[in-house]
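Here's the structure, in structure tokens; my notes come after.
The values are calculated or read from the model by the stated rules, or taken from the named source; none is laboratory data. Just so we're clear, the structure is a prediction, and the values are computed from it rather than from any experiment. When we count neighbours, we look across all protein chains shown, and the Cβ atoms used for this are built from the backbone with ideal geometry, even at glycine. The protein model used for the area step is the full one, side chains on, heavy atoms only, and it has no ligands, DNA or RNA in it. Shrake-Rupley method; radii C 1.70, N 1.55, O 1.52, S 1.80 Å.
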Amino acid sequence: MPESAVAVAEHPPRSAASEFTPLLRTVKDRGLLDRRQGWYAFTIAVNALALGGVVTGVALVGHSWWVLLLAPVLAVLCARTAFIGHDAGHAQITGSRPTGRVIGLLHANLLLGMSYGWWNDKHNRHHANPNHVDKDPDVKADVLVFTSEQTADRTGFRRRLTRHQAWLFFPLTLLEGVALKIHGFQGLRRQPPRERRVEAFLMIAHLAAYATLLLSSMSLGTALAFAALHHAFFGLHLGLAFAPNHKGMAMPDPEGEGWGHLRRQVLTSRNVRGGILTDWFLGGLNYQIEHHLFPSMPRPHLKLAQPLVRAHCRELGIPYTETTLVDSYRQALRHMHEVGEPLRVE
């Protein structure tokens, strides 16, 4: 984390709560919080057609091992599907909560086999308190740890894992595609009965359709290889998209003075520079600062808001972190490597 970010984090101004208001007013005046339903309708339609094309290809080529070449393609399209579900959960697509939920359920539960309700609850808690060790589920000590304090209770296999977690991070993301499905089913028991039934039905329908497609198109061995490759590349893609966002950035002191919304979101987030390809590959999450400041802002508006946010932060003397994609991975992995350092010198 840059030294300037630490300084600002330790000594937030008394007027921190009002720092966000002028920026919010400017963004609203520019119409950047207005919905882009036409853009999303086109994006959803193109993604659906592409998914349909890959499914057709699997059915036609399933008798040959060449079908395995479609597994990475399907993984990329599943990541696009996840980005749409993510945007629906933030009310970026429509102001109607029921309509947004339907879009989210179709893309998460039915098309991906993961729980929209579980993900949305977890992700909203992350947005409310990013990088807060007591409140952000994304930095809770689990397979990985993100602070030196979290290493104290590591024993056995997890202790050995933490020692080398930086090297193991991307290999572990290969399991994320399956983990999302498992966590989704586990999270169903915490949902109201009616929502649980709907989500469970759609997730089971996904698994049944997925298994039917593979087993009716190819041999059992090929089907298992296809499923393994598909989920591994899907998990890796999501890992590549989410890793640059917060790892290695400021982590609020749970016992310290609370930050206002602007500092809480800007100091804990990192943007990734790039062009159209980067925007597409990362699903707009490369504008992580803007996304965290304005979660309901439609994806195509994030780039337009960036100059406004950057200028506002410069005026207030708040560090605005932006780097290349490769350097973002380097910073994130370096942070995880440093966290595991005490366990390597025992």
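What shape does segment 178-271 have by the C-alpha gyration tensor, where a ≥ b ≥ c are the square roots of the eigenvalues, rounded means a/c under 1.5, and otherwise prolate means a/b greater than b/c and oblate the rest? List each step's numbers first, then the result.
Details: a/c = 4.14, a/b = 1.80, b/c = 2.30.
Since a/c reaches 1.5 but b/c is at least a/b, the shape of segment 178-271 is classed as oblate.
Quick query: amide H of Asp136 versus all other amide H atoms, modeled in the peptide plane; which residues come in under 5 Å with a sequence gap of 5 or more or a different chain? So Asp136 has HN proximity to no qualifying residue.
Could you grab the relative contact order for the chain? Cα pairs under 8 Å, six or more apart, rounded to a whole percent.
The normalised contact order for the chain reaches 27 percent.
On a per residue basis, segment 286-346 carries 42 Å² of accessible surface, using protein heavy atoms and a 1.4 Å probe. Put a dot 7 Å past the Cα of Leu69, heading toward its Cβ, do the same for Arg125, and the two dots end up 4.5 nm apart. In sequence order, segment 180-193 has phi-based couplings of 4, 5, 5, 4, x, 5, 5, x, 4, 5, 8, 9, x, x Hz under the Karplus curve 6.51 cos²θ - 1.76 cosθ + 1.60, θ = phi - 60°, and Gly or Pro positions carry x.
Setting aside same-chain residues fewer than 8 positions from Lys140, which lysines have a Cα under 27 Å from its Cα? Within the straight-line limit of under 27 Å, Lys140 reaches these lysines: Lys122, Lys181, Lys247.
Backbone amide hydrogens, once placed in the peptide plane, bring Glu322 within less than 5 Å of Asn271, excluding anything fewer than 5 places away on its chain. For segment 278-338, relative contact order (Cα pairs under 8 Å, six or more residues apart, normalised by length) works out to 20 percent.
Between Ala45 and Glu315, the C-beta separation translates, for a Förster distance of 41 Å, into a calculated FRET efficiency of about 0.50. The 3J(HN,Hα) values that the Karplus relation (6.51, -1.76, 1.60; θ = phi - 60°) gives for segment 173-178 are, in residue order, 5, 5, 9, 5, x, 6 Hz. Gly and Pro appear as x. Close amide H partners of Arg36, meaning residues 5 or more places away or on another chain with modelled amide H under 5 Å apart, do not exist here.
Using the Cβ of Ala311 as centre and a radius below 15 Å, the other residues enclosed give a net charge of 0, where K and R count +1 and D and E count -1. The trypsin sites (Lys or Arg not before Pro) of segment 17-92 that meet both conditions, a loop assignment by DSSP and at most 14 other Cβ atoms within 10 Å of the site Cβ, are Arg30. Can you work out the PRE-style zone for Glu341? Point 7 Å along Cα to Cβ, and I want the residues of segment 140-182 with backbone N under 16 Å. Output list for this probe position: 146-152, 163-167.
Looking at segment 220-312, the trypsin sites (Lys or Arg not before Pro) that sit in a DSSP loop and have at most 15 other Cβ atoms within 10 Å of their own Cβ are Arg273. Quick check on segment 144-215: what does the Kirkwood estimate of hydrodynamic radius come out to from the alpha carbon pairs, in Å? Every distinct Cα pair counted, the radius reaches 15.1 Å.
Give, rounded to the nearest 20 debye, the magnitude of the charge dipole that the chain has about its Cα centre when Lys and Arg contribute +1 at Cβ and Asp and Glu contribute -1 at Cβ.
Details: 36 positive and 27 negative charges, 146 e Å.
Dipole magnitude for the chain comes out near 700 debye.
Compared with the dominant Cα axis of the chain, that is its longest principal axis, helix 325-339 is turned about 70°.
The tail of the calculated P(r) for segment 66-215, taken as Cα-Cα distances beyond 21 Å, holds 54 percent of the pairs.
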